[in-house]
Amino acid sequence: KVIKTATAPVKALTHHLGLMALTIAATFCVAWLAFGRVDAENVKWVQGLMFVVGAVPLIVASCIPFSPLTLALLYANAAGAACMVAWFGRILFGDIVNRCVHVHGCILGLFFCAATLVAEADRLWQIQGEKEARQLRAGYTGSLRDAQSTEPRDKERIMLEVASSGLEDEVNRAIEVLLVAGASTPTLRAAIRRAGMLKRAGYAPMSLV
């Protein structure tokens, strides 16, 4: 059977994303004013710098475990992507050559802004999932027989059914996979038997959708 855990909605998700969106908007306004006078001689190297500050922190944040550093990198990328949009937008309105390149730069900057917001949502969902996994593990010994039930008759009926099926060990393994990976499917259980536990393997980040 395919089993998946249900994660409760993240508290204050809108607040966190709104704060990051506000950071993007404020940085864009400041950068737009700062880039008011574009020097054609400096366009090329600043243009390259904008691609770096608008994307590299996000890439680094996606490659490291979730931590306070991840949050700092995401805010840095939010500011960098906003600067990227402001820079290419200023050049575009300044009627400097290569307008097509600058339009693409604006679009990429907006994309990186959106990707940063999605990555922040992923970070919050990951934190929520790890918290709930710890709560599910509290008091669990690894055996279904030791599990608690608010209705003793329900537990007795379930245990009789599991025992009669001869799959008690398989059920215990499925629960262990569910707690560690966030999902328990035949394919995932087979992979874990060969490779060992795959933490959060059943979690699909929104940024990869």
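The values are calculated or read from the model by the stated rules, or taken from the named source; none is laboratory data. From a predicted model like this one, the values you see are computed outputs, not experimental measurements. Positions of Cβ are backbone-derived with ideal geometry, glycine not excepted, and every protein chain shown enters the neighbour counts.
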Please enumerate the residues belonging to region 46-72 that are without any contact (Cβ under 8 Å) to a residue 24 or more places away in the chain and buried (at least 23 other Cβ atoms within 10 Å of the Cβ). 57
How many residues does region 119-153 hold that are touching a helix residue (DSSP H, G or I) at 6+ places or on another chain (Cβ under 8 Å) and in contact (Cβ under 8 Å) with a residue 24 or more places away in the chain? 14
Determine which single condition residue 166 fails, assuming it passes every other condition in (1) at pLDDT 75 or above; (2) at negative phi. (2)
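With respect to residue 56, is the statement that it is at pLDDT 85 or above, in a helix (DSSP H, G or I) and out of contact with any helix residue (DSSP H, G or I) (no Cβ under 6 Å at 6 or more places or on another chain) true?
Yes.
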